[in-house]
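Engineer: This is the structure I want to talk about, given as structure tokens.
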Amino acid sequence: MKISVFGLGYVGTVAAACLARDGHYVVGVDPNGTKVDLINSGRSPIIEADIDRLIADGVKSGRLSATKSADYGIGRTELSLVCVGTPSQANGSLDTRYVSRVCTEIGAELPRLKRRHTVVIRSTLLPGSMRDIVVPALETSSGLSAGTDFGLCNNPEFLREGTAVYDYDHPPKTVIGEIDKASGDQLMSLYEHLVAPVIRTTVDAAEMVKYVDNVWHALKICFANEIGNIAKDAGLNGTQIMEMFCKDEKLNISKAYLKPGFAFGGSCLPKDVRALTYRARSADISVPLLETIIESNEAQIAKALRMILAKKVRRIGVLGFSFKAGTDDLRESPVVDLIESLIGKGFDLKLYDKNVRIASLVGANKDYILNHVPHIARLMTDTIDDLLAHGELVIVGNNDPAFLAALQASDPARPIIDIAGVCHPLSATHANYEGICW
Ligand SMILES: NC(=O)c1ccc[n+]([C@@H]2O[C@H](COP(=O)([O-])OP(=O)(O)OC[C@H]3O[C@@H](n4cnc5c(N)ncnc54)[C@H](O)[C@@H]3O)[C@@H](O)[C@H]2O)c1
């Protein structure tokens, strides 16, 4: 394929060199004359393993060149990769001016082309930027329509500096956010030889995924550092502690606990987060990340409360209020916190939870339910049907699979707030279904 690469920084230079190696004809475009001259003389504008050889080979073969002129790049190619910088502004917001400018330049050339051209954004952009910045810039300057007259994709880059060529060839995944299938198919043809999961999705989701990845990586580093600092203070080797932590691929290095939903609770997590944080504080160890875990958890309870208040109803049914399905444990259940806030605000509540109901009659937790949370116990109904007859609004509080079947057969107009996730299929049938994070 004939490809132009806009922006000859780390991302653009690596993409240009690797695509030329893979047999494509590549024109790099950058206003920086020094970078353009370096590439045209077969040298790399960036320091990276293997890049010098790839650029030298690419230029020698005639498949790689560079220019300062956008019209030269666009005019000779079928697809453009936009790899310009998106730095932070002083207030932390994203500076999208280079993306905007390059899209205006590309758009101005599109009407002159004889065949459909596809624009691919590889720069990191916040969700909605394609819609609000990229598409308007391209359409205004070209007078053409994205998805019909020209193709458009978002294709986040996951390489790391220092191992950039290796990472280009061994990506953790290939994400293609496409405005139409033809654009995605054309882009995918560049990556067909790579062994990596391929995700074809919307442009907004592709934009978001890149941020989720990077924020997660940043979070992991700070988490490991805070744990390392506490471990060292306790006379332990933080590296060894984190190695032990990483051996657990069932709960730690896994998908576990990575589904968005409601706050955590139960008899262990809140207590243990508080204890370790207190221990660090007592030793004057700064653990800002650990310190904000409980705050973040409480913010999720407050969010659910705001969602409920916005429904402007009085009679509410809560399906499931132990801290997770399959248990009768109400200690530190965040759903109980939510219920107590609703009671305090004068809502007329009914609650159903099969396990808590049984426990209130027999079992070790009977005493806890009757003596510690009697105000909750007294609101319990015996059946889901009783609860549905009462609630103008139903809250799904935990993932008991029985709730989905019951709600599927219920009034499709009744508002439902799902803070657990098991009832997501209702989004297709119940117009007033709302999930807390979906
Ligand atoms: N560096 C990384 O490791 C990395 C990894 C993944 C994603 N990203 C993202 O990729 C994007 C590029 O990052 P980078 O580190 O390669 O940036 P960079 O700052 O190294 O390079 C950007 C290049 O764009 C050029 N440029 C500016 N305006 C231009 C225009 N109108 N036309 C053509 N070129 C223009 C600049 O001259 C510069 O050479 C950013 O959004 C970044 O967040 C970077």
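Read-outs throughout are calculated quantities, based only on the coordinates presented, and are distinct from any laboratory measurement. All of these numbers come straight from a predicted model, not from anything done at the bench. For neighbour counting, all protein chains shown are included, and Cβ atoms are generated from backbone atoms with ideal geometry for every residue, glycine included.
Engineer: May I ask for the distance between the Cα centers of segment 86-147 and segment 1-65, given as a whole number of Å?
Structural biologist: Spelled out, the Cα-based centre of one part sits 22 Å from the other.
Engineer: Can you tell me how much longer the chain between residue 69 and residue 201 gets when fully stretched, taken as 0.36 nm per residue apart minus their C-alpha distance, in nm with one decimal?
Structural biologist: Residue separation times 0.36 nm, minus the Cα-Cα distance, leaves 44.3 nm.
Engineer: How large is the Kirkwood hydrodynamic radius of segment 297-435, counting all unique pairs of alpha carbons, in Å?
Structural biologist: Hydrodynamic radius (Kirkwood, Cα only) of segment 297-435 equals 14.8 Å.
Engineer: Would you work out the relative contact order for segment 1-160, in percent, from Cα pairs under 8 angstrom that are 6 or more residues apart?
Structural biologist: Dividing the mean separation by the residue count of segment 1-160 yields 22 percent.
Engineer: Still on this structure, I have one more. Over segment 297-435, calculate the relative contact order: mean separation of alpha carbon pairs under 8 Å at least 6 apart, over the residue count, as a percent.
Structural biologist: Relative CO of segment 297-435 lands at 26 percent.
Engineer: Here's a follow-up. Once the other residues with Cβ under 12 Å from the Cβ of residue 35 are scored (Lys, Arg +1; Asp, Glu -1), what is the net sum?
Structural biologist: Around residue 35, the surrounding residues sum to 0.
Engineer: Could you tell me which trypsin sites (Lys or Arg not before Pro) in segment 226-319 are loop residues by DSSP with no more than 16 other beta carbons within 10 angstrom of their beta carbon?
Structural biologist: 250, 255, 311, 312, 314
Engineer: Then there's this: Helix-only mean residue ellipticity at 222 nm, the chain, DSSP H runs n ≥ 4 weighted -39,500 (n - 2.57), per residue, nearest 500. What is it?
Structural biologist: So the helix-based figure for the chain works out to -12500 deg cm²/dmol.
Engineer: Something else now. Could you grab the relative contact order for the chain? Cα pairs under 8 Å, six or more apart, rounded to a whole percent.
Structural biologist: Once normalised by length, the contact order is 9 percent.
Engineer: For a footprinting-style exposure proxy, rank 126, 138, 361 by other Cβ within 10 Å, fewest first.
Structural biologist: By the 10 Å Cβ count, ascending, the order reads 361, 126, 138.
Engineer: What is the pair-distance distribution P(r) of segment 229-306, computed from all Cα-Cα distances in 10 Å bins starting at 0, with each bin given as a whole percent?
Structural biologist: Here the calculated profile for segment 229-306 is 16, 38, 37, 8, 1.
Engineer: If we count other beta carbons within 10 Å of each Cβ, what is the order of 434, 105, fewest first?
Structural biologist: 434, 105
Engineer: What distance in nm separates the two pseudo spin-label positions at residue 148 and residue 424, each 7 Å out from Cα along the beta-carbon direction?
Structural biologist: Those two pseudo-labels are separated by 3.4 nm.
Engineer: Would you mind ranking 330, 194, 251, 319 so that the residue whose beta carbon has the fewest other beta carbons within 10 Å leads the list?
Structural biologist: Least crowded to most crowded, the residues run 251, 194, 330, 319.
Engineer: Label points 7 Å out from Cα along the Cβ direction at residue 372 and residue 258: separation in nm?
Structural biologist: In this crude label model, residue 372 to residue 258 measures out at 3.3 nm.
Engineer: Counting Lys and Arg as +1 and Asp and Glu as -1, each charge on the Cβ, what is the dipole of the chain about the Cα centre in debye, to the nearest 20?
Structural biologist: That gives the chain a dipole magnitude of about 360 debye.
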